[in-house]
Amino acid sequence: GPGRALFLRSAAAAAAVRSEARAWRGPVFAGLRSMATTGEEAAAGAEAGPVQQAIEAKLTEALTPSFMQVLNESSGHNVPPGSESHFKVVVVSQQFDGVGLLQRHRLVNHALAEELDGAIHALSIVAKTPAQWEKAGGMDSVAASPACRGGSGK
């Protein structure tokens, strides 16, 4: 579903779980649950759509994350039900070690260039090294996304 988390320990583990990861339902922390899915989608166990699946696959291949969570936050915006236009990605990768925040975002954006040129309207990125992730306390350190302001800036 929209709040799955992938816990990958190594490149070999990543390769072994790629197909299973799509079906696995990890925790969705409470601060984002209402924005990640509608109540009906959460109750029905909504599956990830093709854009979310592409994001997960491309970031897994490009960054070999030790932790990754892709949240479809589209339902919290003024878009039709089932849209895949607003995402938050939380990526923890050893490849970010010694790399500044701007370059980390560029790495994510590069991996998702096709999606950013098409279906994705908004992408929020949290990109940390494993050491930063552990020190910060994991998902507890990730702030909930702000409520949609309808594009009016009010």
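Please list 105-114, 124-133 highest first by mean number of surrounding beta-carbon atoms within 10 Å per residue.
Result, highest mean Cβ count within 10 Å first: 124-133, 105-114.
First compute the accessible area of the stretch 50-139 with a 1.4 Å probe, then give the percent of it belonging to carbon and sulfur atoms. Before the final figure, lay out the partial values.
On the way: 2200 of 4230 Å².
Taking all protein chains in place, the stretch 50-139 shows 52 percent carbon and sulfur surface.
What accessible area per residue comes out for the stretch 50-139, rounded to a whole number of Å², with a 1.4 Å probe?
On the way: 4230 Å² over 90 residues.
The answer is 47 Å² per residue.
The values are calculated or read from the model by the stated rules, or taken from the named source; none is laboratory data. Because the structure is predicted, anything quoted here is derived from the model rather than measured. Every residue, glycine as well, gets a Cβ built from its backbone with ideal geometry; the counts of neighbours run over all protein chains shown. Heavy atoms of the whole protein, side chains included, go into the accessibility calculation; ligands, DNA and RNA do not. Shrake-Rupley method; radii C 1.70, N 1.55, O 1.52, S 1.80 Å.
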